[in-house]
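Okay, so here's the structure we're looking at.
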Amino acid sequence: MKTRKRRIKQYTDKRFAYFSDVTELVLDEHHAQISKWGIQTHSMFEWLAYTTEELGELAKAISEQEYRGGSKEDVIKEAIQVATLSLKIAEMMRESHNENS
Ligand SMILES: [Mg+2]
């Protein structure tokens, strides 16, 4: 019996050709988070937990988009949420590093 392999779409790194577009989405997400939760203070492990939760949602959105007709908009939204939290971690750690040096 011959099986047909499903071709999975391939994506090529755009080398930040749309950097200003995605950073604008990150800023929009930052403002949405502040509106929803206010300015937050957490341990790094808690920040990591929230980022990991968003990463799980990104994994689900990619699976839904690839196999069940989910939307590309949901993938973008979840990726931006991961990016926003990741950048906040980098910013907080960078500030903490600069204070200690
Ligand atoms: Mg999410």
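Values quoted throughout were computed directly from the atomic coordinates according to the rules given, and no laboratory measurement underlies them. What you are looking at is a predicted structure, and each value in this text was computed from that prediction instead of being measured. Every residue, glycine as well, gets a Cβ built from its backbone with ideal geometry; the counts of neighbours run over all protein chains shown.
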> For the chain, what is the convex hull volume of its Cα atoms per residue in Å³?
Replying inline: 161 Å³
> In the structure displayed, which of 9/60; 36/88; 5/72; 9/72 lie more than 21 Å apart, Cα to Cα?
Replying inline: 5/72
>> Can you compute the modelled spin-label distance between residue 53 and residue 68, with each label point 7 Å from Cα toward Cβ, in nm?
In response: 2.1 nm
>> Distances longer than 18 Å among the Cα atoms of the range 48-101: what percent of all pairs is that?
In response: 43 percent
> What are the ³J(HN,Hα) values, in whole Hz, obtained from phi via the Karplus relation 6.51 cos²θ - 1.76 cosθ + 1.60 with θ = phi - 60°, for each residue of the range 73-79 in sequence order, with x given for Gly and Pro?
Replying inline: 4, 5, 5, 4, 4, 5, 5
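Computed FRET efficiency, Cβ-Cβ of residue 43 and residue 2, R0 35 Å: what is it to the nearest 0.05? List each step's numbers first, then the result.
Working: r = 55 Å, r/R0 = 1.56.
It comes out at approximately 0.05.
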